[in-house]
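Take a look at the structure set out below.
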Amino acid sequence: MSSASSDIRVVRGVPLRCDPAREPCFTVVDDQTEMIRINDDSEASQREKLSVELNSELQSLEIAAQSLSEFPEAPWELRLGLARQCWDEARHARLASRRLIERGGWKGEFPVINQEWGVVCAVDSLLGRLAIQNRTFEAGSLDSSLELLAWWRRLGDDDTADVLEGIHADEVFHVRLANDWIERMTLDNPRAQLEVAAAMIAVKRRLAMLRSGTESRLKVTVPVNTTDRRAAGFTDDEIAELTRRND
Amino acid sequence: MGLNVEERADSVATFRWVEVRLMEILAAWVPTTPEMEVKLAFGTNIWDAAQHADAFGKRAAELRLPLQHSLEPAPEYIGLLDELAAMSDTDQRVAAFYDVLLPGLRKRFVAYLDTVDTLLDAPTVRIIERILGDVDRILGECEELRAQIPAARPRDSEWVRAFRARDAGIDPIIVYRPHQSSAASPM
């Protein structure tokens, strides 16, 4: 498949897929600097984290669904895995929404940004999308969510921590889905290997452009979650390389 | 008595084609539906349709077709599903899918059960019985959704009636092929 030019917009010089549909109650922004980030232990900060979680799960659902729709020629077992991921992400969004409401928040309380969708769905290759969304973004959340879990427990909100722990377990399998299929489809297939490599190079450059000027707010190094990355199909060499880059 | 092996294989492979198409339609609707709760319902039901397609696809292999083999339904039914796929208003999407397509498919599944020898074709019967249970759950969830989200309620009951009549008028949806020259396509 290839995205029609009308589906693409440009932000900070980066081609992004046009935003998925959102209700009018949401304020959708284009730039990370327009997001509200509250870095303390306040009630507002907790609701802000749940709002971010909610929109992140919505985007993950939309990315998996869009790939299911746009790559009908993909192997059936892979499509089945993406369909399962759609259900998982829909459940995760419901859980985040439920928790947000229980904590006194509401959908649209904070601005949202659909940058992951924009970056991933601008890529015309399914393998490329799996490499970026599942193997990079979701794998990254395997690392960062451990600290978030600890934060919720420290604040005494075990209900939210339990929800996030359940979501985390599901995400391991989404990363695994990508690792397994990338391995299968790139084996002895130089063209597929190039697709993945090109997508990764492009996304690194695009993310750097999108985040230019916001590094001090966003660049946070978290320890590599060795156990879950291994369960998600990363090799020991890959984990060692990630750990080395963090040092 | 009932359908022979080839006719049952054609039926199962056609049901698979329809479930895959429904999965794809829901998948295309997820990013383009603004209402969050409706988007999440579509996202959930993608997995239901995928599981149904998978079960039919495995059964097809037991009836001498390739694994996960699909056969196109009647052209009129393909056209109806194309119309469904092109709908953009949330209330129309919800009504067409949950008030027309799924109940219509449910009737076709029940008609299949009434046609076959339920002992001879027990594996297909079990699959369809499980799917009927899923369909009932999905329709119940749709009612809960409508109680919560006004945009999911039908605005034009006359349009829904007309679309339902068109769906019901396509019978049968299965096109039995002369198997010696079968040109079925994997999907």
Quiz item: Which far-off residues, 5 or more places away or on another chain, put their amide H under 5 Å from the one on A:V28, with H placed in the peptide plane?
Solution: A:V112
Exercise. Starting from one equal scatterer on each C-alpha and no solvent at all, send me the Debye-based log10 I(q)/I(0) for chain B at q = 0.19 Å⁻¹, two decimals.
Key: -1.32
Quiz prompt | Taking B:L145, A:L100 and counting other C-beta atoms within 10 Å, the order from fewest to most | solution = B:L145, A:L100
Self-check item: Amide hydrogen neighbours beyond the local backbone of A:L16, cut-off 5 Å, H modeled
Solution: A:R9, A:V10, A:V11
Quiz item: At 222 nm, what helix-only mean residue ellipticity would the protein assembly as shown give, in deg cm²/dmol to the nearest 500, using -39500 (n - 2.57) for each DSSP H run of four or more?
Solution: -21500 deg cm²/dmol
Practice problem: Would you list the P(r) distribution for the protein assembly as shown, with all Cα-Cα distances sorted into 20 Å bins from 0 and each bin expressed as a whole %? | Solution: 24, 54, 21, 1
Self-check item: Kirkwood Rh, Cα atoms: Rg over Rh of region A:64-184
Solution: 1.00
Quiz item: Debye sum, Cα scatterers, region A:125-247, no solvent: what log₁₀ I/I(0) at q = 0.14, 0.15 1/Å?
Solution: -0.69, -0.79
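For region A:63-122, what Kirkwood radius comes out of the mean inverse Cα-Cα distance, in Å?
13.4
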Quiz item: Could you give the alpha-carbon Rg of region B:97-148 over 2.2 N^0.38 Å, rounded to two decimals?
Solution: 1.31
Quiz item: For region B:74-79, what does the Karplus curve 6.51 cos²θ - 1.76 cosθ + 1.60, with θ = phi - 60°, yield as ³J(HN,Hα) per residue in whole Hz, taken in order and with x for Gly and Pro?
Solution: 4, x, 4, 6, 4, x
Practice problem: Taking the Cβ of each residue in B:I138, A:I201 as the centre, tally the other Cβ atoms inside 10 Å and list the residues starting with the fewest. | Solution: A:I201, B:I138
Quiz item: Per-residue HN-Hα couplings for region A:121-129, Karplus 6.51 cos²θ - 1.76 cosθ + 1.60 at θ = phi - 60°, whole Hz, x for Gly and Pro?
Solution: 7, 7, 8, 8, 10, 5, 4, x, 5
Practice problem: Let me know the Rg and Dmax you get for chain A when you use only its Cα atoms, in Å. | Solution: 17.7, 53
Exercise. Quick one: grab Rg to one decimal and Dmax as a whole number for region A:1-58, Cα atoms only, in Å.
Key: 14.6, 46
Practice problem: Would you work out the charge dipole size for region A:148-190 about its Cα centre, treating the Cβ of every Lys and Arg as +1 and the Cβ of every Asp and Glu as -1, and quote it to the nearest 20 debye? | Solution: 160
Self-check item: Alpha-carbon Rg with Dmax, taken over region A:1-112, Å
Solution: 16.1, 48
Quiz prompt | Dipole-positive endmost among B:L80, B:A61, B:F42 within region B:29-83 (Cβ charges, Cα centre) | solution = B:A61
Quiz item: Order of B:D167, B:D48, A:D247, A:D143 from fewest to most other C-beta atoms within 10 Å?
Solution: A:D247, A:D143, B:D48, B:D167
Quiz prompt | Area projected by the alpha carbon convex hull of region A:96-141, averaged over all directions, nm² | solution = 4.1
Exercise. Largest first and in whole Å, give the semi-axes of region B:1-70's equivalent ellipsoid, each being the square root of 5 times a Cα gyration tensor eigenvalue.
Key: 30, 10, 8
Quiz item: For region A:120-191, what mean projected area does the convex hull of the alpha carbons give, in nm²?
Solution: 5.3
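Give me a single rounded figure for A:20-28: the average over its residues of other chain Cβ atoms within 10 Å of their Cβ. List each step's numbers first, then the result.
Working: counts 6, 11, 4, 8, 1, 2, 2, 0, 0.
So the per-residue partner count for this stretch is 4.
We did not get these values from a lab; they are worked out from the coordinates using the rules stated. Computed from a prediction, not measured in an experiment: that's the story for all the values here. Positions of Cβ are generated from backbone atoms using ideal geometry, with glycine treated the same way; all protein chains shown enter the neighbour counts.
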